[in-house]
Amino acid sequence: MTLWLGDTVPLVYLCSDDTLAGRRADRFEVIRFRERFRPPSGSFRPSNCGIGWLLLRIGWLVSRTGWSDVALTLDRASIVPLYRQLYEGLREQILTGALPEGTRLPPERALADRLAVNRSTVVRAYRDLAADGILDQRVGSGSRVALAPNAGPDRSAAVPWWVTLPPWRVGEFPTVLGELAAVDHGERIAFVQGVPPAEPSPLADLAASFARVGGNDAYVLTYGDSEGYRPLRDAIAARMRARGCTTDARDVLVLTGSTQGITLVAQSLAEPGDEIIVEAPTYPGALQIFQIAGLRAIPVPVDDGGLRVDHVEAILRTRRPRFIYTMPALHNPTGVTLDRDRRERLVALARRAGVPIVEDDPYGELAEDAGPPLVARSPDDVIYLSSFSKTIAPSLRLGWLCAPRTIYERLLLRKQSIDMASSMIVQASVHDYVATVYDAHLAALRGELRERRAIAFAAIDEHWPAAVRAVRSGGGYYVWGTARDHRARALLDACERTGASFLFGEPFFAQGGGDYHFRLALTPVARAHIAEGIRRIGTALRA
Ligand SMILES: Cc1ncc(COP(=O)(O)O)c(C=O)c1O
């Protein structure tokens, strides 16, 4: 395997042998790579990789005015001629957009000197790029990247197919979903993933539900309806009605995780370039989805009373975003719950402005007294999302949305195009679980979360400096901290040495910020380790 690593984070590719596999490494893979091949000095040097690794390193310092600083280390042992390696390397960077149109490449002689090759090697590579129409060579003004508008990349068989794909600037997107899904934190007490606690365990009852359902071919040898398994939709609708909603089973669309619902909403309610309102901070997985959908997020702060609805009001006076994405109950990452009067105001505002609300509520049933969800107040203007990931188990990949009839069909068709239907055996098993033990499990889980928070805040009081703020007003899985004297990334580095980890704040903000914030998930660690983990963070905070 070969790793291409640019001087800037986005320029990272995973390759197998000499053949580019064409997949950019996500940040977590790079971190793992770095940890695995970290040289003794602690500073990462690609050239220090193990024997048998071929490293072809390309770094750019792109400038549209001066010529770009191109550093290429060519493989002299390869049977591929040097001019061809240079040509391929430059071509790939141009076609993937890493070297944008208008970028000046270094003069031939300068690049030849830097690479210690004959000038003719560079001349030939540049000439071939010019022949492809992607380099403009003019006497006196050097060589510039020239992708003719609409020309598109050459799709002849000679060009690897993945190089010709539509533009996809992966490096611009956060890779948080992948990082959140990663589990290996070694020996650290890792307050990282928002997964349910090991106790109370749903495992035995869940296994019994699966066993009851698994022998029935009606649940196994079938796709089931795209809308979802009807008895499960009935059960979900009944639970929503018990929380004050008017939901009918026909309003419920079963999802393969509520992440799917966020994607459906992002694609169905807005187009690339459209504005939406999000909370600041908010769930980074949603930000990743919105960013990939090309939506422009307008951040609105959250305080101890939840979303600052007065800010929403000010924005709606002059702008018409496509939707407002909000978590009114046990907000991720702050844990706060939206005040009752703000709920009324938000719903009224949105209705008046003609802007729908996307209510993301995976934690709602864990709240002690959140009151009815927003969708209860305005079923025609709220698209409601929820999930069994936080209340039973994330590996079920089972969630649901409730949407007004005006939008339901659109969402359904998109879902069909993604996965046809959510897993029938999982739906039927969860239906069985919900019908038998779910309420008892929820009650036990609420009690567990209460206890974990009590342990956490007692340890925070004991071990953290008074200047560090931790939001206490909420509940649920998370504690949101602010340490004005510590950049959270540096704090995380220090904590990893003391044996604890958490998520730093930046990914939770759409437009930057969050440098001094961090989130602890209290649920993925053993209850007995919470106080010790918080003490270790305290040690780093006091250092
Ligand atoms: C607010 C919020 N929405 C959605 C999700 C994703 O849920 P699911 O596992 O159902 O895709 C999460 C997971 O952390 C979350 O916190």
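The values are calculated or read from the model by the stated rules, or taken from the named source; none is laboratory data. None of these values were measured; they are calculated from a predicted model. Cβ sites come from the backbone with ideal geometry, for glycine too, and all protein chains shown count toward neighbours.
Quick one: is S422 more than 21 Å from T282 (Cβ to Cβ) and assigned to a loop (DSSP other than H, G, I, E, B)? Here the answer is yes, as S422 does meet what is asked. Note on segment 350-383: residues that are in contact with an Asp or Glu (Cβ under 8 Å, 6 or more places away or on another chain), in contact (Cβ under 8 Å) with a residue 60 or more places away in the chain and within 16 Å of the ligand (Cβ to nearest atom) total 3. T247 meets each of the listed conditions (1) more than 13 Å from the ligand (Cβ to nearest atom); (2) under 20 Å from the mean Cα position of the chain (by Cα); (3) closer than 13 Å to I383 by Cβ apart from (2).
For every residue, the table says whether it meets (1) part of a strand (DSSP E or B); (2) at pLDDT 95 or above.
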position: G228; (1), (2): no, yes
position: D234; (1), (2): no, yes
position: R241; (1), (2): no, yes
position: V254; (1), (2): yes, yes
position: Q267; (1), (2): no, yes
position: P272; (1), (2): no, no
position: E279; (1), (2): yes, yes
position: Q291; (1), (2): no, no
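Table: residues versus (1) among the basic types (K, R); (2) surrounded by fewer than 17 Cβ atoms within 10 Å (Cβ to Cβ); (3) not assigned by TED's automatic domain parsing to the domain that holds T482.
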{"residue": "R320", "(1), (2), (3)": "yes, yes, yes"}
{"residue": "Y325", "(1), (2), (3)": "no, no, yes"}
{"residue": "R340", "(1), (2), (3)": "yes, yes, yes"}
{"residue": "L346", "(1), (2), (3)": "no, no, yes"}
{"residue": "A350", "(1), (2), (3)": "no, no, yes"}
{"residue": "G354", "(1), (2), (3)": "no, yes, yes"}
{"residue": "V358", "(1), (2), (3)": "no, no, yes"}
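Within segment 414-421, not a single residue is within 16 Å of the ligand (Cβ to nearest atom) and without any contact (Cβ under 8 Å) to a residue 60 or more places away in the chain. Of the candidates A494, A510, the single residue that is in the same structural domain as R453 (by TED's automatic domain parsing) and part of a loop (DSSP other than H, G, I, E, B) is A510.
Of the set (1) within 15 Å of the ligand (Cβ to nearest atom); (2) assigned to a loop (DSSP other than H, G, I, E, B); (3) under 25 Å from S226 (Cβ atoms); (4) without any contact (Cβ under 8 Å) to a residue 60 or more places away in the chain, all apply to I392 but (4).
Report yes if some residue within segment 404-413 is within 16 Å of the ligand (Cβ to nearest atom) and part of a helix (DSSP H, G or I); otherwise report no. Yes, some residue in segment 404-413 is within 16 Å of the ligand (Cβ to nearest atom) and part of a helix (DSSP H, G or I).
Condition check ((1) closer than 22 Å to S429 by Cβ; (2) touching a residue at least 60 places away in the same chain (Cβ under 8 Å); (3) in contact with a Leu (Cβ under 8 Å, 6 or more places away or on another chain); (4) not β-branched (V, I, T)) across all residues:
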| residue | (1), (2), (3), (4) |
| --- | --- |
| E227 | yes, yes, yes, yes |
| D234 | yes, no, no, yes |
| R243 | no, yes, no, yes |
| L255 | yes, yes, yes, yes |
| Q260 | yes, yes, no, yes |
| E271 | no, no, no, yes |
| I276 | no, no, yes, no |
| G285 | no, yes, yes, yes |
| Q288 | no, yes, yes, yes |
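Every test in (1) within 16 Å of the ligand (Cβ to nearest atom); (2) part of a helix (DSSP H, G or I) is passed by S386 save one, and that test is (2). Screening E199 on (1) assigned to a helix (DSSP H, G or I); (2) within 30 Å of R536 (Cβ to Cβ) shows it passes everything except condition (1). The number of residues in segment 265-279 being more than 12 Å from the ligand (Cβ to nearest atom) and touching a helix residue (DSSP H, G or I) at 6+ places or on another chain (Cβ under 8 Å) comes to 6. Screening R472 against (1) away from the ligand (no atom under 15 Å from the Cβ); (2) under 26 Å from the mean Cα position of the chain (by Cα); (3) within 29 Å of G224 (Cα to Cα); (4) of a type outside the set (A, V, I, L, M) leaves a single unmet condition, (3).
Here segment 321-331 is the region considered, the condition is being assigned to a loop (DSSP other than H, G, I, E, B) and farther than 13 Å from S386 by Cβ, and the residue that is nearest to the ligand (Cβ to nearest atom) is H331.
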